[in-house]
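Take a look at the structure set out below.
The values are calculated or read from the model by the stated rules, or taken from the named source; none is laboratory data. Everything numeric in this text was worked out from a predicted model, so none of it was measured. Note: ideal-geometry Cβ built from the backbone for every residue, glycine included; neighbour counts use all protein chains shown. These area figures cover heavy atoms from the full protein model, side chains too; ligands, DNA and RNA do not enter into them. Shrake-Rupley method; radii C 1.70, N 1.55, O 1.52, S 1.80 Å.
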Amino acid sequence: MPHCFRRAPLLFLLLVVASWSAHAAEPEAPLTELRLTSLTPAAAALLAPPAAIAAADLPKKPAPSPLFGDVLVRSAQAHLLGATLSGPRELTVLAYHTITDTWAPFGKVTLPGELITLRPAPAGFVAETRAATVGAPNEVSRVELTANQRHLRTLDWVIIVGYLAFSAGIGLYFYLREKKQSNDDFFLGGRSIPWWAAGLSLYATGTSAISFIGIPAKSFATNWQILARDAVGLISTALVAIYIVPMIRRLNVTSVYQYLEMRFHPSIRVLASALNILIQLGGRMSTVLFLPSLALSAVTGLNVILSIVLMGIVTIAYTLLGGMKAVIWTDVLQVFVMLGGAFFAIGYVITGIDGGLPEFVRVANENAKMHTFDWSFDLLRPTVWAFVMFAIIDLITYPKDQVMMQRALSTKNPKEAGWSMWTLAAVVVPGSITFFAIGTALFVFYQQHPEKLNPLLSVDATFPHFIASELPVGVTGLIIAGIFAASMSTLSSCMNSVATLVSVDFYERFNRSATPAKSVRLAEWMTVISGVIGVGTALLLALFDIASAFDAWFALQAVLGGGFAGCYGLGMFTKRANWQGSVIGVICSLLITLVLWQGSMVTPVLYPTFSILACLVCGYLASYAFPAPTQSLLGLTVFTQRKDPA
């Protein structure tokens, strides 16, 4: 373990103590305020009507006071706005929260005259009032709810910048210690990474900031049914740890796509590797930078572009300087920052609940918020059987992702590679439970305090909203650093993966004069280039409205990627499959999934499942039309495993 980690717990403790010492901050502006502006009838007519309200979202309990004209306005995803006359000319705006089933007042305005009509408008209403002068035209006003952002304090910034500097320092540490890195050093950490560090890195890589924010939002709005995926997945993870990962590690490959060449054909390796590179560059990196930055900006005022650039520059720096060792050891740090922030957050939310932990448990059970296992056979819902199917598919195609497998390949031997997967299994469910519990605790907290919600924010911004508005100064910075950590972990893993694949699967594979030194130099350049592309694409998302194009891209990558993933299942779990059958399986997979996509026959979540199944079935059957494989399958299938590394 690097010496820089030995002081990390002490630094963490000092930051928490400092944050509490700064808890007594000056008064903040209210989260929202009402504005009353005069409008001309023509301007009022131009206001776009708010989204329609579904019958399921209508209030289940009556408002505390009769609503004027029974007018309701949808605000963001989960709020409905209504208004009541609390005086002759005084209008009070009420907000109904569809998730917690609560009403709360959100301000008052004094109208210029007697209210005649009220109609919906974005984030409020258009009010027509009687003119004070007899015969004068009625006055038209807009009553609008607006948000005030809570900006980060100096201590928050100190913690965030300190964390970013410490992350960059890890890369510098490994650069100064190992200035001349070999291929194995840069790509695989010299195959000397401890199994527990590789396992924590696997968890950090798989837990992006989207999970950090999205899982609490999901459990806040619904329940814990998605957690069943991780619980069921433990079985497949155990089998992967016992059979799959040690088998691939014994081959001593650097790129997991080398397996596809050894088992089938070079063209399959090259195409699968190229597609993986395209997926990393085309969407994965930019998404893990943009979405968390957008959520944080909505509640803290933290500039989206600044967040993206900060995370991008620091991640490029430590990944470039330290290679795989810096990536993995930074991941280890990031796991402690992520989970440390999450543990603190759940404790802080529960202490803010009137009645504490017993009330949290009572309300959660009363509202079935911790319901996890759905045993029905409805595959349109997140049932146990759907997750069993996902787990089986994941098991037979596990090596498909270079980003994840590269950690297991960095361990000392096949046995430790398997132990890294056991470490992942030991962390993933407790970590997921923590994030799900945060969402449930937020449900109980905001059910008791609905006035502390912001009706203008989406459900996905619930946890960032709590971080910015409720946590003490300093702790806010610490948890935002955790969100940054989640993004940076995934980003650095993608960058190192792209650099590895370009160098190993293309430069070393096709350049006869390739040397280890040139390969590492190319990987360093590709680290920078891939990072710049990821940051640049995230900035495009921030500056231009191209979300619809990205939605189409993600659907397309699901269509394209499943076929090559299915090749791993054909290779590892059959001895009869050959390269010709695999190619036919990939083509059939592509055609079938394209039909499903164009016909909107299934939810996009199921595209990879159908794509992989199509490749497995069609590829295996087609293999019988061609001769059986003639090369040795020793070490290439679960039935013909090696005892010793190749």
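Of the residues ALA345, ALA298, ALA364, the single one that is part of a helix (DSSP H, G or I) and either open to solvent by 50 Å² or more (accessible area, probe 1.4 Å) or at pLDDT below 90 (or both) is ALA298.
Go over the candidates PRO608, PRO627 one by one and state the one that is surrounded by 19 or more Cβ atoms within 10 Å (Cβ to Cβ) and not β-branched (Val, Ile, Thr).
Values: PRO627 fails: surrounded by 19 or more Cβ atoms within 10 Å (Cβ to Cβ).
Only one candidate qualifies: PRO608.
Taking the conditions (1) surrounded by fewer than 21 Cβ atoms within 10 Å (Cβ to Cβ); (2) in a strand (DSSP E or B) in turn, ALA136 satisfies each one other than (2).
Note on region 352-380: residues that are in contact (Cβ under 8 Å) with a residue 24 or more places away in the chain and among the acidic types (Asp, Glu) amount to 3.
For region 73-104, enumerate the residues that are open to solvent by 30 Å² or more (accessible area, probe 1.4 Å) and more than 33 Å from the chain's Cα centre (by Cα). LEU85, SER86, PRO88, ARG89, GLU90, listed by residue number.
So which of SER167, SER192, SER182, SER201 ends up being touching a residue at least 12 places away in the same chain (Cβ under 8 Å) and in contact with a Pro (Cβ under 9 Å, 6 or more places away or on another chain)?
Numbers: SER167 fails: in contact with a Pro (Cβ under 9 Å, 6 or more places away or on another chain); SER192 fails: in contact with a Pro (Cβ under 9 Å, 6 or more places away or on another chain); SER201 fails: in contact with a Pro (Cβ under 9 Å, 6 or more places away or on another chain).
On inspection, the qualifying residue turns out to be SER182.
Within region 271-298, residues that are free of Cβ contacts under 8 Å to residues at least 60 places away in the same chain reach partners that are buried (at least 19 other Cβ atoms within 10 Å of the Cβ) and of a type outside the set (Asp, Glu) with beta carbons closer than 6 Å, at six or more positions or on different chains, in the pairs SER297/VAL304.
Taken over region 433-490, the criterion of being of a type outside the set (A, V, I, L, M) and outside any helix (DSSP H, G or I) is satisfied by HIS449, ASN454, PRO455, SER458, GLU470, PRO472, GLY474. Checked against the criterion of being crowded, with 24+ Cβ neighbours inside 10 Å and modelled with pLDDT of 85 or more, the candidates ALA317, ALA272 yield just one match: ALA272.
For region 242-287, name all the residues that are within 19 Å of ASP505 (Cα to Cα), β-branched (Val, Ile, Thr) and part of a helix (DSSP H, G or I). Hits for region 242-287 are ILE248, ILE268, VAL270, ILE277, ILE279. Taking every residue in region 632-643 that is farther than 12 Å from GLY571 by Cα and pairing it with any residue that is open to solvent by 80 Å² or more (accessible area, probe 1.4 Å) and not β-branched (Val, Ile, Thr), at least 6 positions away or on another chain, the pairs with Cβ-Cβ distances below 9 Å are GLN641/TYR243; GLN641/LEU634; ARG642/LEU634. A single member of ARG521, ARG512 is open to solvent by 30 Å² or more (accessible area, probe 1.4 Å) and modelled with pLDDT of 90 or more, and it is ARG521. Within the bounds of region 582-599, is there any residue that is open to solvent by 10 Å² or more (accessible area, probe 1.4 Å), closer than 26 Å to ASP378 by Cβ and part of a loop (DSSP other than H, G, I, E, B)? Yes; the residues of region 582-599 include at least one that is open to solvent by 10 Å² or more (accessible area, probe 1.4 Å), closer than 26 Å to ASP378 by Cβ and part of a loop (DSSP other than H, G, I, E, B).
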